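Q: What follows is a structure written as structure tokens; I'll ask about it next.
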Amino acid sequence: MTKLPLSSRLLACCSFVRPGDRVADVGCDHGYLGIHLLLSGKARSVIASDVREMPLLMARRNGAKYGVSEHMQFFLTDGLQAIPKDFDTLVCAGMGADTMVSILSGAPWLRDSRYRLILQCQSKSHILRKYLSDNGWSIQDEITVRDGHFVYTVMEILFAPDFSALTPGECFFTPALRKHPGEETAEYFCRIMKMLRISVTSRGNGADPIMKNALEELTALAAQPDFLWLSEAKL
């Protein structure tokens with residue numbers, strides 16, 4: 001298969017796509033994720049959208065270059081506002097939590113069990129997880145992936161309002177992440193703990209109660225026998 005300039009983050013997103021899925025890639029940039037899914041035979045069709053005109057133009061050109069244009073639709077739009085609803089899986093990668101929350105909030109019709117979300121958040125992931133939990137979405141799986149000098153996570157989301165809401169600690173380090181012991185997951189946990197400690201200790205009595213509760217919860221988690229692999233990550 002033709003090798004495309006896909007980051008490890010985007011390849012991790014692709015790994016969650018099911019064979020035969022109709023995929024909507026929101027914030028498609030140059031379109032490589034959707035093109036990869038079509039060339040590999042994993043996706044049946046791809047909706048590629050971006051809020052910026054030049055990246056979308058490049059996505060169109062790349063679709064033609066790699067011979068998959070007939071299976072792609074292109075939309076210049078903010079989030080999901082002007083795209084068709086006939087897809088199975090939404091991929092949204094490389095954005096901060098605030099942007100992702102804005103995109104999801106603007107598409108209430110996504111709160112339907114027919115859709116799966118694959119989200120790769122660049123920053124403030126705990127805010128995105130809390131939003132998802134508060135609005136009926138369940139994090140079915142979440143994995144860590146190294147890209148350059150940083151470790152990120154990729155989440156698979158389903159609308160399941162009967163699932164229990166996440167606790168403060170789980171918004172920072174989910175039950176799904178705990179199912180994937182390993183160096184990258186431990187490194188991610190270590191980074192979260194460092195951030196929480198700095199936030200709580202620097203504010204003293206004025207520390208955010210949510211941050212404080214999350215720190216206490218995750219400190220207790222790392223002390224449990226089943227999670228010693230976390231406590232050994234140079235906390």
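Q: Tell me yes or no: at least one residue of the stretch 131-150 is assigned to a helix (DSSP H, G or I), modelled with pLDDT of 95 or more, surrounded by fewer than 16 Cβ atoms within 10 Å (Cβ to Cβ) and out of contact with any Cys (no Cβ under 6 Å at 6 or more places or on another chain).
A: Yes: the stretch 131-150 contains one or more residues that are assigned to a helix (DSSP H, G or I), modelled with pLDDT of 95 or more, surrounded by fewer than 16 Cβ atoms within 10 Å (Cβ to Cβ) and out of contact with any Cys (no Cβ under 6 Å at 6 or more places or on another chain).
Q: Can you tell me which residue is farthest from Pro5 (Cα to Cα) among those in the stretch 29-42 that are touching a residue at least 40 places away in the same chain (Cβ under 8 Å) and outside any helix (DSSP H, G or I)?
A: My answer is Asp29.
Q: Considering only residues that are farther than 24 Å from Thr153 by Cβ, touching a residue at least 12 places away in the same chain (Cβ under 8 Å) and out of contact with any Leu (no Cβ under 8 Å at 6 or more places or on another chain), which ones fall in the stretch 1-28?
A: Residues satisfying the conditions are Gly20, Arg22.
Q: Tell me yes or no: at least one residue of the stretch 181-196 is among the small types (Gly, Ala, Ser) and either in contact with a Phe, Trp or Tyr (Cβ under 6 Å, 6 or more places away or on another chain) or in contact (Cβ under 8 Å) with a residue 24 or more places away in the chain (or both).
A: yes
Q: Would you check which residues across the stretch 151-170 are of a type in the set (D, E, K, R), farther than 14 Å from Leu10 by Cα and surrounded by 15 or more Cβ atoms within 10 Å (Cβ to Cβ) and list them?
A: Glu170
Q: In the stretch 10-29, which residue that is closer than 15 Å to Met95 by Cα and surrounded by fewer than 21 Cβ atoms within 10 Å (Cβ to Cβ) is farthest from the chain's Cα centre (by Cα)?
A: Here the residue is Asp29.
Q: Look through the stretch 44-97, keep the residues that are part of a loop (DSSP other than H, G, I, E, B) and of a type in the set (Asp, Glu), and return whichever of them is surrounded by the fewest Cβ atoms within 10 Å (Cβ to Cβ).
A: Only one residue tops the list, namely Asp86.
The values are calculated or read from the model by the stated rules, or taken from the named source; none is laboratory data. None of these values were measured; they are calculated from a predicted model. Cβ: placed from backbone, ideal geometry, glycine included. Neighbour counts: every protein chain shown.
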